[in-house]
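The values are calculated or read from the model by the stated rules, or taken from the named source; none is laboratory data. This structure is a prediction, so every number in the text was calculated from the model and none was measured. Positions of Cβ are backbone-derived with ideal geometry, glycine not excepted, and every protein chain shown enters the neighbour counts. Note: accessible area is taken over every heavy atom of the protein model, side chains too, but ligands, DNA and RNA are not part of it. Shrake-Rupley method; radii C 1.70, N 1.55, O 1.52, S 1.80 Å.
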Amino acid sequence: MEKFFAYQKDGRIPCKYGRKCFQTNKEHTDKYKHPPTKDDIKEDTKKITRKRDSKGKVKLSNHTNGESSNSENRTNEESHNSSETNDMEVPERPEQIISISNIEPNSINSTNSTNSTFINNQQSSTEYAVPSIRQHSQQQQLLLTNNTLEDCSVDDGIVPCTPTLFTPRRLDGETVSSPHVPSSNQVQRFTFVGESQPSHTPDSNDREQPDPPVQNVTDSDYLKTKISELFLVDEMPKEFYDLWSFCKRQCSTHPEDALLSVGLKLVGPYDVLAGHMNGFNTNDIEKTVLHWRYYYDPPEFQTIIASTGSEFHIGYYRDVPLASPVYVVSNDSSKNCIIQKLGKSLFQALRKHLQSMDSKVATTLQKKLLAYEKRKVTEILEGRKCDPVTKTFHKAGIVVPYDSKTDIGYRPLSESEYTLHKILKSYHEASESKKLEVMDKLQPIINYANIASDECDFGTGFELGIDFFCDGNPDLHRICKQLLVTAYNLLRRPQFATIIKAHLNNRKKGLNMSIL
């Protein structure tokens, strides 16, 4: 034991070969320390046992292998209890170990009084037994604390094991909280095994755990998830990635710029594929949902292609955020709020737009798109599975759950679309003094929509909110936000509610709607 604790206190670097090291030159031994071999750990011929006198104090007695049957019984009892406590428990502080290898039989009486005083001074009368050493034929086990593990981390004889279930107890059997023997939930314990048991030889580089692997930003599953998290929508359809593959053939270094020859650029979620949005995460949702969102784009509209010279843009239209797009649509926010339906395929929509350009470059690109579409594109959008309940001002219509038998889900506004247009126009043109008079005409329409929402006709408030949004008057943003956030939440579309709140809080016009 003295050699083992001497090895612990040795300040030299532990040799990574441990006991198997064959080098004996002075330069090596001066720099590295080697753990003691199992031959150095010999069985003590004398064991200290504990007995209590009539006053309950602990006294020490020396037993040898040739003593009376009481000694043999005590030895058998210790062997029986070895399954509960390990006979090689090492206290957390090695200097507190009581060495008995050099104790003479005549000096035991004087030692008893000293040990009794030492034990009585421990916190809460805590007592712990001096470890005894047993020679096993195949292996030796030594429980180490974190302090001993730190110095022996490169020893080939140390392998992880399950935490010990050792519980400190007094000699009377009562469980105590010992400051010298840490509990299993305080420190992690390891087992020191002999060379006869196979063990893993750790390298010196194993001291530090490697950093977790960094997510590959080119992984397809990661990119799909990233788009969904940043834009609060379902996964993009397959044709979305087909167009990216086509543009990579045209411009391998910057696929997002492959359509610049015809005045178009891949934007929005394509910037995630291009690696331009690696610095954004879910904490930046209020910014990312506004990435390339134009003034008249409702939450259902997601821009993916933008013109470089105007506010014309192409995107997907979703009725539900966590569902596939239903159409490819376009809008020019510099002209109006009207959303044009271009079809069920992004390639078809692009070819239709290129046909209207009437240029050689557009014609060539159109042929390449058609050839690639025939070879690679196998899926298109499915379209709407039910008709919209009303057209609204942007003409794309809205879809809400509606039961035709009970007539629950939607009811028309209290005023026609034409009348609502006229009232909103007069409110926009009215002076500050006359706006209150126009608001008196709008208030009954708003109240009617709120009553409809209370009666489960959620589509009514949804329609009025979209009409206010398409009118574009900043003075109505507060009412518009209240109507749409309520409608989206009632329709279980909270992602759209988040988008409309962020948009109305930072709504602006212009060509470049990028947040980068």
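Before moving on, here are some points about what is shown:
- Solvent-accessible area of residue 455 with every protein chain in place, 1.4 Å probe, in Å² to the nearest 10: 100
- In a fully extended conformation the segment linking residue 436 and residue 371 would gain 17.4 nm over its present Cα-Cα distance, using 0.36 nm per residue.
- Net length gained if the chain between residue 416 and residue 12 were fully extended (0.36 nm per residue, minus Cα distance): 136.4 nm
- Three-way shape label, region 238-388, alpha-carbon gyration tensor, a/c 1.5: rounded
- Among the listed pairs 385/405; 352/385; 238/405; 341/434; 335/374, those whose Cα-Cα separation exceeds 30 Å are 238/405; 341/434; 335/374.
- For region 308-343, the list of trypsin sites (Lys or Arg not before Pro) that fall in a loop by DSSP and count at most 13 other C-beta atoms within 10 angstrom reads 335.
- The phi torsions of region 338-351, fed into the Karplus equation with coefficients 6.51, -1.76 and 1.60 and a -60° offset, translate into couplings of 5, 9, 8, 8, 9, x, 9, 9, 5, 5, 5, 5, 5, 5 Hz, rounded to whole numbers, with Gly and Pro shown as x.
- Evaluating 6.51 cos²θ - 1.76 cosθ + 1.60 at θ = phi - 60° for every residue in region 244-258, the Karplus couplings come out as 5, 5, 4, 5, 5, 5, 7, 8, 5, 7, 9, x, 5, 9, 5 Hz, glycine and proline recorded as x.
- Probe 1.4 Å, accessible area per residue of region 384-516, Å²: 53
- Working note: Karplus 6.51/-1.76/1.60 with θ = phi - 60° gives region 261-275 the couplings 5, 10, x, 10, 9, 6, 9, x, x, 5, 5, 5, 5, 7, x Hz, where Gly and Pro are set to x.
- Per-pair calculated FRET efficiency, R0 = 35 Å: residue 323 and residue 404 via Cβ, rounded to 0.05: 0.95
- Taking amide H as placed 1.01 Å from N in the peptide plane, residue 342 has its amide H under 5 Å from the amide H of 328, 329, 330, each at least 5 places away in sequence or on another chain.
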